[in-house]
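Enquirer: Please see the structure below; I have some questions.
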Amino acid sequence: MISRISIQKIHLDRVLTIVSFFVLFQFSAIAQQRFDSQLLNTQKINGLKLDSLFTLIETNRYDTNLTGCLYLKSAYNSSKFINQNEWIDLKDKVEPYRIDLVYSKYPVKNGVYNEIYPLLFSRLRSLFEIDPYLNDASIEWNKILQTNCANKTEVNSLFHGVVIWYRIDDSKTFSVDESEQQLATLTTKKSGEVESVKISKSDNKQDQVTVKELEQSVRNIKSFSFIPDSLVRSLSSKPIQDQILILKNHLEKELETEPERPLSKATKEELLMYKKEIEDFLLKFPAEDSVVINVFDRHPEWKNSLVINDWTGSMYGYGAQVLLWHVNHFEKSGIKAITLFNDGNSKKDSDKQIGKTGGVYTEVADEVLKLQKTFNYVMLEGMGGDEAENDIEAVLKAIQTTPYHSEIILIADNQACIRDIELVELISEPVKIILCGYDPKAGINPDLVYLARKTNGGIYTLTEDLENLQIDYDPIGNQISQLDKRFKVNSMVCGSILSRSSDRSASLYTELERYDLKLENLENTDLASSRFRKKKVTELILKDSTLSQIPKRVYKMTRLTYLNLSNNRIDSISPKIQKLVNLKNINIAFNRIKTIPKEINSSVYLESLDASHNKLTTFPIGLTGMKFLKTINLSYNQITKIDNISKLKKLEKLNLSNNKIKEIGKEIGSLKKLTSLNLADNSLKSLPASIVNLTNLVMLNLKDNNLTSLPLRIEKLKKLKYLNLENNNFSEEEQKRIKDLLKDTTIYF
């Protein structure tokens, strides 16, 4: 493949057009195309011919954490790439040598999968519109079919799109090329026999960083005035890895011994030096726009603010904007402290644990020289890794480090999923998210929308303040409605929102929705004459329908596995619910229900129940013997006691917050698989000693009770990451005892 021709800016449009035409002519004349234009425009008759130009490979799941390649993401059945600018920015610096078109082998009917040729044609055309140079016969072309997709839920969890493997022209990565390793593990289809394989994953965080990128970072750090000239000279002949280590050690010692030098006491010369160095940094690591500066300019009312900054790769420029704005407005700036997070320093991806990923650093905002050194130290500590970031861990640690604040502001990467989104319920304050790398056409990262909505925060773009978001989720994190038309949610699939652990996709489809049957008032609708057959319905959503009772015909839908009746006016459930024996998930939140009939125990496969925001006074007796229940949410009811729960052996999450519970029986200790227990806002005066048997607990919320102590041997809860004890009656002595026993736990008093 010929190298691309770099054309300098020419102000005469006509000359530029002629030169561009010449370049394209040169390319078509020299490089042999893989797919001719006539073939790409005759999909009705040439599907098989086009298909024959690929090597067909089947695999269980395509790994999305490999390096040396760029993932162009699209929806399952779409030819639009949501991140095409990433390749546009990269293409002139690299040489592509292999391209994978990644699909799901779905649907399979009667054991046969029929290729969707129009999608294959349109994806190729979209790819060549982005970069015509990719249509090259010297590139290796593969079509990958993922087989771990028995249903739509599994399909939605997989990657779809195009993966471009490339070599870097002027530098090498630290690791060997993983493309060859992955291709060796994939199985080529022969004689109809395909073996499912697991694609290997790199676990070296620095695999995504080239020597050239590291050298740029090191050069930048050496240019700062706080790095002595003698140290810079001593580094000149050393390998890049040694330079990094020496610089880290130097900065670490400087941060330990640096005297306090607040901005208010800085001289004019010092302020000018700070500004110049930050501006120089921005020239070397430019951001796509000035969104951070614009948002802070729009909100001078934000005072006593805690700013949490994603400090990895493409986010360097945005973080520098925070510092520059603060220095320029230090007399009126409301920024109190800045927290940087880099997703685990140089920790291997395989070693990262939710809530304990690490790489979180906080510094007082007025100590600009310390901040500059911290920014550079954190840059050296973490320079890559997988796409997901530890945003929630960073927010929680920032709150713990700087508890006296008025605003929480997160500088977030719109292209990165949140690794620890499941911890969002531990944040009890609004999070204001400044959105970086945002394209309105592609939409907002679903994790960031969820974080803003769950904390009653907002999202702030270059030109808009998106507050009071009108988007709703069910208790396990599935989006159930979006009335807000100011923005769209990006179709990217992340890996962890609360519902993802329950093997459900973020979007639920019902037979009713598929047939476009609108049921605003189901009571007056003749279901028998509808275009669907009630016995075939497996998922039914009747939320927000002003129902006063459950329609009788619902009880005849015996194949139902998911039933959502939330936000209605239902005050009772008929014993006929025993007919719904296949139910796995039921949502009856925000109703007026006083009791749940014991007949619900006929739904023996029930895994999740949300009955929050009702008028229950007792724990539903029908639940006590259910062997598959994993999640129960009974928050915001009037329950006074909990008993008969010892048989819920598979229960993982139990939310009993905002009730009237005065005591918890010792049988709570039988729930050995429990990872999350929320007893906040009750009337508890003590806890049973057996609670220390919940050795898998990760989160325990006891906020707003009347507790004075925790049981002895509380240290047995070795997996406990977060413990909320706010608004209780613990003495200082008891607080110290708890802290000493739970040293690895984040505790709130």
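The values are calculated or read from the model by the stated rules, or taken from the named source; none is laboratory data. Values in this document were obtained by computation on a predicted structure and should not be read as measured data. When we count neighbours, we look across all protein chains shown, and the Cβ atoms used for this are built from the backbone with ideal geometry, even at glycine.
Enquirer: So which residues in region 106-163 are part of a strand (DSSP E or B) and either charged (D, E, K, R) or surrounded by 16 or more Cβ atoms within 10 Å (Cβ to Cβ) (or both), if there are any at all?
Expert: Scanning region 106-163 gives LYS109, GLU140, TRP141, ASN142, LYS143, ILE144, LEU145, GLN146, GLY161, VAL162, VAL163.
Enquirer: Would you point out the residue of region 557-573, among those that are of a type outside the set (Val, Ile, Thr) and closer than 17 Å to VAL604 by Cα, that is surrounded by the most Cβ atoms within 10 Å (Cβ to Cβ)?
Expert: LEU560
Enquirer: Another one. Considering only region 396-426, state which residues are out of contact with any Lys or Arg (no Cβ under 8 Å at 6 or more places or on another chain), among the β-branched types (Val, Ile, Thr) and closer than 15 Å to TYR450 by Cα.
Expert: Within region 396-426, ILE418, ILE421 qualify.
Enquirer: Please go through region 466-492 and pick out each residue that is under 21 Å from VAL291 (Cβ atoms), touching a residue at least 24 places away in the same chain (Cβ under 8 Å) and touching a Lys or Arg at 6+ places or on another chain (Cβ under 7 Å).
Expert: Within region 466-492, MET492 is the sole residue that qualifies.
Enquirer: Return the only residue of ASP349, ASP391 being at pLDDT below 85 and not hydroxyl-bearing (Ser, Thr, Tyr).
Expert: ASP349
Enquirer: Does region 427-467 hold any residues that are charged (D, E, K, R), in contact with a Gly (Cβ under 6 Å, 6 or more places away or on another chain) and crowded, with 21+ Cβ neighbours inside 10 Å, and which are they?
Expert: Of everything in region 427-467, just one residue is charged (D, E, K, R), in contact with a Gly (Cβ under 6 Å, 6 or more places away or on another chain) and crowded, with 21+ Cβ neighbours inside 10 Å, namely LYS432.
Enquirer: Moving to a separate point now. Which of the residues belonging to region 705-749 are among the acidic types (Asp, Glu) and part of a loop (DSSP other than H, G, I, E, B)?
Expert: GLU726, ASP744
Enquirer: Could I ask something else about it? Could you please find all residues in region 534-567 being modelled with pLDDT under 80 and farther than 21 Å from SER608 by Cα?
Expert: Result: LYS534, LYS535, LYS536, SER545, THR546.
Enquirer: When GLU288 is evaluated against the numbered criteria (1) charged (D, E, K, R); (2) at pLDDT below 75; (3) surrounded by 13 or more Cβ atoms within 10 Å (Cβ to Cβ); (4) not in a helix (DSSP H, G or I), which criterion, by number, is the only one it fails?
Expert: (2)
Enquirer: Continuing with this model, one more query. With (1) part of a helix (DSSP H, G or I); (2) within 15 Å of PHE330 (Cβ to Cβ) as the list, and PRO300 as the residue in question, which single condition is left unmet?
Expert: (1)
Enquirer: Right, here's the next one. Quick check on LYS356: is it of a type in the set (Lys, Arg), over 30 Å from ARG486 (Cβ atoms) and surrounded by 20 or more Cβ atoms within 10 Å (Cβ to Cβ)?
Expert: no
Enquirer: Working only within region 118-149, note down all residues that are over 18 Å from VAL94 (Cα atoms) and touching a helix residue (DSSP H, G or I) at 6+ places or on another chain (Cβ under 7 Å).
Expert: Correct list: PRO118, LEU120, PHE121, LEU124, ARG125, ASN148, CYS149.
Enquirer: In the set LYS736, LYS650, LYS660, which member is among the basic types (Lys, Arg), touching a Phe, Trp or Tyr at 6+ places or on another chain (Cβ under 9 Å) and surrounded by fewer than 19 Cβ atoms within 10 Å (Cβ to Cβ)?
Expert: Within the list LYS736, LYS650, LYS660, the selection yields LYS650.
Enquirer: With respect to the numbered conditions (1) touching a helix residue (DSSP H, G or I) at 6+ places or on another chain (Cβ under 6 Å); (2) surrounded by 24 or more Cβ atoms within 10 Å (Cβ to Cβ); (3) under 15 Å from GLN372 (Cβ atoms), which one is the sole condition not fulfilled by PHE296?
Expert: Looking at each condition in turn, PHE296 falls short on (3).
Enquirer: On to the next question. Can you say whether MET273 is in contact with a strand residue (DSSP E or B) (Cβ under 8 Å, 6 or more places away or on another chain), in contact (Cβ under 8 Å) with a residue 24 or more places away in the chain and assigned to a helix (DSSP H, G or I), as far as the supplied structure shows?
Expert: So MET273 does not fit the description; no.
Enquirer: Conditions first: (1) surrounded by 17 or more Cβ atoms within 10 Å (Cβ to Cβ); (2) out of contact with any helix residue (DSSP H, G or I) (no Cβ under 7 Å at 6 or more places or on another chain); (3) without any contact (Cβ under 8 Å) to a residue 60 or more places away in the chain. GLN321 passes all but one, so which condition is the exception?
Expert: Result: GLN321 passes all but (2).
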